[in-house]
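Written out below as structure tokens is the structure these notes cover.
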Amino acid sequence: MNTKKINRRIFIRNVATGTAGIALGAVPFSVLANNDYTTITILHTNDMHCHIEPFTGTNERYANKGGLARIARLAKIQREKNPNTLLLDAGDMFQGTPYFNYFKGELMLKVMSAAGYDAGTIGNHEFDNGLQGILDPLPNAQFPLINSNYDFSDTILDGKFPGYKVFKRSGITIGIYGVGIELKGLVGQMHYENTVYNEPVAVAQKMENFLKNEKNCDLVICLSHLGLKYRNSTVSDMVLAAETSMTDLIIGGHTHTYLEKPIETKNKAGKPVIVNQAWWGGLVVGKIDFVFERTKKKKIGTYSQVLES
């Protein structure tokens, strides 16, 4: 009797019947990493607001939690469990503590680099000290800050932000694009100058098609600083999810939303898309595992949890 084949069949059946969390939680990574399938782990944060150290004070909900130092340790542990791990951020790294007042964005980008971030995007608070306040600390980021819908061509930031990034992990190709919120009315015009805001839904549709069909990505991720959802028609992560067709995961920011578990909804093609946001200040870290059949590069299931940092 071939135990390996039976275990694999049971595992896939559990995924298909919606018990992926139980199945993945019970199966050691050494089994998931065999020649049958592979797991891509996505860790993500948003709205860090220069919280390098844990929160202090008497509030039990916050005290001794959060901050980049704890996130760095958590990411190290996760990478030891699964080398196929990406650490991502959805913007608003700047502003919020005296570290920003004294060091502007330089220290934050240095510490995020040391923590091992693979990619991030920019939020509205990155513009608080104007375009020069972005340009000056930018060389300290040893990871790409991706944005697809801000046109900086008539500014000093021209060419500084890639529109996408492609990663390869154990034969799986992962494409990431990023979209930011409209700056007009949220940021003073003197701070964003001639930055042109392009409508995020149209940009997302273009980028997902490019990453899926031209870059042959098996997994497409959007880093969004739009906000989870609004009562009016303002474009949000939930709007983006409903209007895209090939994006697998939307990692959000801006609204500081705490979700006990990611939202799984349907995209424009009627297929599942995951939307998640990880509160703020590094108080929690989102973790989503995508399981792929290695030979067919077919996504067969997901597993998610919230990690307290």
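Each value in this text was obtained by applying a stated rule to the coordinates, not by laboratory testing. Computed from a predicted model, the values in this text were never measured in an experiment. Every residue, glycine among them, receives a Cβ derived from its backbone with ideal geometry; neighbour counts consider all protein chains shown.
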>> Given contacts defined as C-alpha pairs under 8 Å and at least six residues apart, what's the relative contact order of the chain, whole-number percent?
In response: 21 percent
>> 7 Å from Cα along Cα→Cβ at both Lys81 and Asp136: what's the point-to-point distance in nm?
In response: 4.1 nm
> Taking GluC sites (Glu not before Pro) as exposed when DSSP calls them loop (any state but H, G, I, E, B) and at most 10 other Cβ atoms lie within 10 Å, what is the longest stretch of the chain free of them, the sites themselves excluded?
Replying inline: 61-259
>> Can you give me the long-range amide H partners of Asp89? Hydrogens built in the peptide plane at 1.01 Å from N, cutoff under 5 Å, separation of 5 or more residues or another chain.
In response: Thr45, Ala119, Gly120, Thr121
> Can you work out ³J(HN,Hα) from phi for every residue in the stretch 134-145, in order, using Karplus 6.51 cos²θ - 1.76 cosθ + 1.60 and θ = phi - 60°, giving whole Hz and x for Gly and Pro?
Replying inline: 8, 4, 4, x, 4, x, 7, 7, 8, 8, x, 9
> Using θ = phi - 60° and the Karplus form 6.51 cos²θ - 1.76 cosθ + 1.60, what ³J(HN,Hα) does each residue of the stretch 119-130 get, whole Hz, x for Gly and Pro?
Replying inline: 6, x, 10, 10, x, 5, 6, 5, 8, 4, 9, x
> When the helices in the chain are scored as -39500 (n - 2.57) per DSSP H run of 4 or longer and the sum is shared across all residues, what 222 nm value do you end up with, to the nearest 500 deg cm²/dmol?
Replying inline: -7000 deg cm²/dmol
>> Taking 8 Å as the Cα distance limit and 6 or more residues as the minimum spacing, I'd like the relative contact order of the stretch 233-309 as a percentage.
In response: 26 percent
> Any idea how far the Cα center of the stretch 43-103 sits from the one of the stretch 108-150, in Å?
Replying inline: 15 Å
> With θ set to phi - 60° and the Karplus curve 6.51 cos²θ - 1.76 cosθ + 1.60, what are the ³J(HN,Hα) couplings of the stretch 47-63 in order, to the nearest whole Hz, using x for Gly and Pro?
Replying inline: 6, 5, 6, 6, 8, 7, 9, x, 5, 10, x, 9, 6, 5, 5, 10, 4
>> For the chain, give me the percentage of DSSP beta bridges that are antiparallel, rounded to the nearest 5 percent.
In response: 55 percent
